[in-house]
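First up is the structure itself, then whatever we jot down about it.
Any read-out appearing in this document is the output of simple, stated calculations on the displayed coordinates, not a laboratory observation. Bear in mind the structure is a predicted one, so any value in this text is a computation, not a measurement. Neighbour counts are summed over all protein chains in view; Cβ atoms, including those assigned to glycine, are modelled from backbone coordinates with ideal geometry.
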């Protein structure tokens, strides 16, 4: 084993091995103090890639994997609880956009009276833009009248306007 390698200097900023007596890191440019560059540096091997790293390193400078457990101070860490459940984008972004509704607003009473008078032929379904359901109601008589009756009750309790 080479004697110089045991006395290699390790950059405190990037962890690179430097020549003994170096005054600055050739990789990141960090200035090395005389006390850091003069004495031998304790080294260990990475558990994952086998590279020599400083003894106090927590993360390997070559492979980037964590080789030691992180030590926390004994002071209590603050607990942060984020109870914000919002689908709204951030305010600066939302202020720059114009509101474009993605759903069509429909009048509750128009749909209600279409269902009341023409529910068995699916007129209210065509009004809502549900063409497939309108055709089904047309051929089945409003699902034998039961579907039209249920829709009549549901429409009665919808807000005005309602969105589809």
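Here are some notes:
- Inter-label distance, nm, simple model (7 Å from Cα along the C-beta direction), residue 149/residue 102: 3.7 nm
- Theoretical gain in end-to-end length, residue 83 to residue 24 [0.36 nm per residue, Cα-Cα removed]: 16.4 nm
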